[in-house]
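Novice: Structure provided below as structure tokens; questions to follow.
The values are calculated or read from the model by the stated rules, or taken from the named source; none is laboratory data. Just so it is clear, the structure is predicted and the values come from calculations on it, not from any experiment. When we count neighbours, we look across all protein chains shown, and the Cβ atoms used for this are built from the backbone with ideal geometry, even at glycine.
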Amino acid sequence: MRQLIRRLSRVGDCSPPPPSSSSSSARKKRSKAHAGVPEGHVPVHVGGGAEGAEERFLVRTELLGAPALADLLGRAAQEYGYRHQGPLRIPCPVAVFRRALASVSVAGDEEGE
């Protein structure tokens, strides 16, 4: 789980890499991949395959540690491994992810009151 959180931290880091470590084409790809992602959020791709169409969500990073989403992240780690390249993908139906996200958001709102 720690490896997954480290990976997510790198995904959320939109700062440009040092010039000596990558070429300009790699920087363009990186900035294109993070286009439209607000600070403090992670793009998550859900569904696809047998479940139907894939949907992209922007999830606040602090929600990823919640038990409902951590369980789904564990499934993603089992399915794709920790060395998976590309966007974060969660192999579950979109409806299941929406329910988990809603339960986490509601729980977070209740704690803030």
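Novice: Keeping to the stretch 68-94, report how many residues are over 15 Å from the mean Cα position of the chain (by Cα) and either surrounded by fewer than 12 Cβ atoms within 10 Å (Cβ to Cβ) or at positive phi (or both).
Specialist: Final tally of qualifying residues: 1.
Novice: For residues in the stretch 25-67 being at positive phi and loosely packed, with under 14 Cβ neighbours inside 10 Å, which is modelled with the highest pLDDT?
Specialist: Restricting to residues being at positive phi and loosely packed, with under 14 Cβ neighbours inside 10 Å, the top hit is Gly40.
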